[in-house]
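Once you've had a glance at the structure underneath, I'll fire off some questions.
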Amino acid sequence: MFSLNIPAKYSDSVYDTFRPLYISSRFFGLLPFSTTISKRSSNGIYFTKVDLFLFIIHELTYITCTVFNFNVDIHNIIFSSKLLENSVKYQMILGCILCCILVVVELVFRSATWDIIESINDFDVKFLTLNKTINHFNHKQRLKCYIVVWLLMFLIFLALSILWFLEHADLTALIPFLTAYSLVNITYGLAATLYTFLLFSLKVRYKGLNNCFTNSFLDEVKLIQPIKMFKHINKETACDKIMKMARLHDQLTDIIGLVNRRFSFQVLILIASAFVFSVFSIFSFYRVAFAEPFDFNQFQTSIVYNLWGFYYESFILMIIWMGSSVQREGAYTGVLIHKTINNYAEKNIVEKLILFSQQLKHQAPIATCKLFPIDWTLFFTMVGATTTYLTILIQFDSSFHGNILANATIVNDTKP
């Protein structure tokens, strides 16, 4: 029920690499489909009664958490600012609603998700014609380690939060809040991991193509005079290899287009959620730092809040890193092509290389959510926007009804 049926002869493939993420995502409503791998390519998916039952259970769970959290009172946990208290509560409610939507989106577009996996597998099969392979076992182990690391981080932060709640609130009254919080955070992590995994898969394949190109044409640049460096290579073989690599590079760029169209909504939700939570977590630290008198209990609450902010930010940083890496590796192919052109004078091969270069110019590999590219420019934009919104929050909070710090300031100012 929670596994991909993969025969041993197909275990060294992207299907097997994908298995740990597939199994864990199924428990939380993501990747709602079943499949049996019966051949090297073009394996279909199907939607069973079990899949439908799980979909209904996940939807009911998230809807129930949403309803319960409307009545949760977290005033005993966060009481230094009414604005901050409401923001935490409604962020959780919005998170549950978005999880409901996300599960529906994954169900509707499950075929598109599988098409991306199939396209990556098709690239791997064609890559074998260049006598090159992808180290699927290594990628599977790295994926497992990544999932384990962020799950451990989640469990540590959750344990710290529960310990804090035990000292300052009735834990039984907060069970709906903690349950919803755990579900939302794990679902968030799995959705971010799925997107990161796809970007990582594309990045390593671009890098594999670049290594193949370097090994075929540039390894002997320092050992042979440039004008003679390819005289030992069969021209027809070289032209054929260049065209194969050009087609494979174009296929990877097409897969990026599929990923951009398929995950644009999810990535926008992930980034927006992390940004909003980070702004309010930093704001909570400001509220405590400038409170008079200093409240150590609220300081601890702020630390816990900022730890969860770091949890979200770590996923966004990983996504940005992978998106930037895909763009860098895809563009680096052009650098290798022009290095080869500059060191070789054979007309037919140079013409093929120029065609390859023009292809890169007209179809650049860029990860995007349609509103902005996923690269380090986005990171610095978010840092600048955080400062702007913090300023707005500080000004708005100072006049917010029920703000303890603002009331205390007013009282102090009116004393003779």
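The values are calculated or read from the model by the stated rules, or taken from the named source; none is laboratory data. These figures come from a predicted structure and were not determined experimentally. Note: ideal-geometry Cβ built from the backbone for every residue, glycine included; neighbour counts use all protein chains shown.
Read through the list (1) part of a helix (DSSP H, G or I); (2) modelled with pLDDT of 55 or more; (3) among the polar types (S, T, N, Q), then give the number of the only condition that S399 fails.
For S399, the exception is condition (1).
Checking the structure you have, find out if any residue of region 310-327 is over 21 Å from A192 (Cα atoms) and not aromatic (F, W, Y).
Narrowing region 310-327 to residues over 21 Å from A192 (Cα atoms): none.
No, there is no match, as no residue in region 310-327 is over 21 Å from A192 (Cα atoms) and not aromatic (F, W, Y).
Okay, next question. Looking at region 374-383, which of its residues are farther than 9 Å from I320 by Cα and touching a residue at least 40 places away in the same chain (Cβ under 8 Å)?
M382
Then there is this: I'm trying to understand the selection: among the residues of region 344-363, which are over 15 Å from L218 (Cα atoms) and among the aliphatic types (A, V, I, L, M)?
Scanning region 344-363 gives I354, L355, L360.
Only one residue in L378, L360, L371 is at pLDDT below 90, outside any loop (DSSP other than H, G, I, E, B) and touching a helix residue (DSSP H, G or I) at 6+ places or on another chain (Cβ under 7 Å), so which one is that?
On the way: L378 fails: at pLDDT below 90; L371 fails: outside any loop (DSSP other than H, G, I, E, B).
Answer to the check: L360.
Here is a follow-up. Just to be sure, is I186 touching a Ser or Thr at 6+ places or on another chain (Cβ under 7 Å) and in a helix (DSSP H, G or I)? So that I can check it myself, show each step before the final result.
Details: touching a Ser or Thr at 6+ places or on another chain (Cβ under 7 Å): no; in a helix (DSSP H, G or I): yes.
When the stated conditions are applied, I186 does not pass them.
Any residue at all in region 262-275 that's at negative phi and without any contact (Cβ under 8 Å) to a residue 60 or more places away in the chain? If you could, list the steps in order and put the result at the bottom.
Kept after step one, since they are at negative phi, are these residues of region 262-275: 262-275.
Subset that is without any contact (Cβ under 8 Å) to a residue 60 or more places away in the chain: 272, 274.
Checked region 262-275: at least one residue is at negative phi and without any contact (Cβ under 8 Å) to a residue 60 or more places away in the chain.
Here is a follow-up. Looking at (1) at pLDDT below 85; (2) of a type outside the set (A, V, I, L, M); (3) touching a helix residue (DSSP H, G or I) at 6+ places or on another chain (Cβ under 6 Å); (4) within 28 Å of N306 (Cβ to Cβ), find the lone condition where C99 falls short.
Condition not satisfied by C99: (1).
State whether one or more residues within region 126-149 are without any contact (Cβ under 8 Å) to a residue 40 or more places away in the chain, assigned to a helix (DSSP H, G or I) and buried (at least 16 other Cβ atoms within 10 Å of the Cβ).
no
Just wondering, is there one or more residues in region 344-353 that are without any contact (Cβ under 8 Å) to a residue 24 or more places away in the chain, among the acidic types (D, E) and out of contact with any strand residue (DSSP E or B) (no Cβ under 7 Å at 6 or more places or on another chain)?
Pass one, region 344-353, residues without any contact (Cβ under 8 Å) to a residue 24 or more places away in the chain: 347, 350-351.
Now restrict to residues that are among the acidic types (D, E): 351.
Applying the additional criterion that residues be out of contact with any strand residue (DSSP E or B) (no Cβ under 7 Å at 6 or more places or on another chain) yields 351.
So far as region 344-353 goes, yes, one or more of its residues are without any contact (Cβ under 8 Å) to a residue 24 or more places away in the chain, among the acidic types (D, E) and out of contact with any strand residue (DSSP E or B) (no Cβ under 7 Å at 6 or more places or on another chain).
Can we say L317 is at pLDDT 90 or above, farther than 28 Å from L107 by Cβ and in a helix (DSSP H, G or I)?
Numbers: at pLDDT 90 or above: yes; farther than 28 Å from L107 by Cβ: yes; in a helix (DSSP H, G or I): yes.
Here the answer is yes, as L317 does meet what is asked.
Assuming G309 fulfils every condition listed in (1) over 14 Å from G189 (Cα atoms); (2) crowded, with 16+ Cβ neighbours inside 10 Å; (3) out of contact with any Gly (no Cβ under 8 Å at 6 or more places or on another chain); (4) small (G, A, S) apart from one, which condition is it?
The one condition G309 does not meet is (1).
Looking for whichever is buried (at least 18 other Cβ atoms within 10 Å of the Cβ) and more than 30 Å from I242 (Cα to Cα) here; the options are T193, T179. Which one fits?
Details: T179 fails: buried (at least 18 other Cβ atoms within 10 Å of the Cβ).
Exactly one residue qualifies, and that residue is T193.
Right, F277: modelled with pLDDT under 85 and either in a helix (DSSP H, G or I) or under 30 Å from T196 (Cβ atoms) (or both) or not? Break it down into steps so the answer makes sense when it comes.
Numbers: modelled with pLDDT under 85: no; either in a helix (DSSP H, G or I) or under 30 Å from T196 (Cβ atoms) (or both): yes.
No; evaluated as a whole, the condition is false for this residue.
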